1. Enumerate the calculated ³J(HN,Hα) couplings along the stretch 74-82 in order (Karplus 6.51 cos²θ - 1.76 cosθ + 1.60, θ = phi - 60°), each rounded to whole Hz, writing x wherever the residue is Gly or Pro.
2. Considering only protein heavy atoms and a probe of 1.4 Å, how much of the accessible area of the stretch 39-118 is carbon and sulfur, as a whole percent?
3. Using the Cα centre of the stretch 5-158 as origin and beta-carbon charges of +1 (Lys, Arg) and -1 (Asp, Glu), tell me which of THR106, GLY25, SER152 is placed farthest towards the positive end of the dipole.
4. Just check the chain against the gyration tensor rule for me: Cα atoms, a ≥ b ≥ c as the square roots of the eigenvalues, rounded for a/c under 1.5, and otherwise prolate or oblate depending on whether a/b exceeds b/c.
5. Just how many % of Cα pairs in the stretch 10-63 lie over 15 Å apart, if you round to the nearest whole percent?
6. Search the structure for amide H atoms under 5 Å from the amide H of GLU38, placed 1.01 Å from N in the peptide plane, and list their residues when 5 or more places away or on another chain.
7. If each residue of separation counts as 0.36 nm, what is the full-extension length gain between HIS176 and LYS149 once their alpha-carbon separation is subtracted?
8. Expressed in nm to one decimal, what extension gain is obtained for the pair ASP158 and SER224 from 0.36 nm per residue of sequence separation less their Cα-Cα distance?
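The values are calculated or read from the model by the stated rules, or taken from the named source; none is laboratory data. If you're wondering where the values come from, they're calculated on a predicted model, not measured in any experiment. Positions of Cβ are backbone-derived with ideal geometry, glycine not excepted, and every protein chain shown enters the neighbour counts. With ligands, DNA and RNA removed, areas are computed over all heavy atoms of the protein, side chains included. Shrake-Rupley method; radii C 1.70, N 1.55, O 1.52, S 1.80 Å.
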Amino acid sequence: MKNLWIGTSWKMNKTRVGARAFAHGLKDSAFAAHPDVESFVVPPFPHIADVAEILKATEVKVGGQNMHWAGHGAWTGEISAAMLVDCGAALVEIGHSERRIHFGETDDTVALKVAPALRHGLMALVCIGDTKAEYETGGTQQVLARQVKALSRHVGKDALGKVLIAYEPIWSIGEHGVPASPAFADQQHEMISDLVLQLTGGRLPILHGGSVNAENFAALAWQSHIDGLFIGRAAWNVEGYIGVMQAVADSILSGTAHRMNSPTT
């Protein structure tokens with residue numbers, strides 16, 4: 001049996017009071033240290049230190065939603081890897097499609113951030129995805145392969161055990177997104193996994209995101225090549241997040257081997 005990764009990014013949501021309430025609720029749950037679930041939460045920058053302090057005695061990883069590749073300097077509004085670590089973060093989300101679309105991030109700038117994240121001891125959660133047009137013209141795998149290859153140019157084998165990949169179809173993300181079918185998602189994850197093996201000599205956990213909800217999370221988690229779930233609005237309240245983890249545990253982890261001994265072997 002392998003561990004499943006289940007995490008959520010709050011994006012630009014929650015005040016400090018709401019962030020602390022969520023963290024306390026998660027701290028008191030069975031999933032603060034569940035043997036079969038690797039859980040993580042990614043708050044907005046102002047809340048990282050509060051959430052990390054509340055969850056420090058648990059196994060829950062706390063992350064940041066972005067970082068700069070430089071260690072310091074005249075980068076107004078940016079955050080460095082060292083700053084994230086100083087706030088208690090153990091993980092950083094890099095390259096979300098909203099960052100690529102609205103803030104001009106490219107495959108190269110996304111990849112540039114991964115090496116300094118690893119040097120500072122952060123686990124990098126690298127997001128990749130295809131647009132609706134790319135999906136409709138059959139270009140999904142070509143796009144995903146390009147993004148993965150860009151990542152490997154900067155870190156290579158150093159990624160093993162330190163990098164997670166989240167495949168989030170851009171056409172699936174958001175309130176009006178259309179969830180990918182579990183079979184389609186699994187096909188893309190298999191391709192990504194095979195490519196990662198070629199490039200690094202090992203495997204990385206590959207999570208699925210984009211309109212993951214109560215109707216599809218168990219079916220997605222059951223797929224052979226999906227190593228976890230990266231959840232949006234369905235997990236923005238602590239009851240929803242714990243509910244997803246409980247349902248996945250009940251459906252998959254209770255007496256049924258998922259498929260791999262370890263997500264990084």
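1. My calculation for the stretch 74-82 gives 7, 10, 3, x, 9, 10, 9, 4, 5 Hz in order.
2. Details: 2000 of 3400 Å².
Answer for the stretch 39-118 is 59 percent, counting heavy atoms of protein chains only.
3. Toward the positive end, the furthest listed residue is THR106.
4. Working: a/c = 1.34, a/b = 1.02, b/c = 1.32.
Note, shape of the chain comes out rounded.
5. On the way: 538 of 1431 pairs.
Looking at the stretch 10-63, the distances longer than 15 Å represent 38 percent of pairs.
6. LEU4, TRP5, ILE6
7. Full-extension gain reported as 6.7 nm.
8. Working: separation 66, 0.36 × 66 = 23.76 nm, distance 2.49 nm.
Answer, rounded to one decimal: 21.3 nm.
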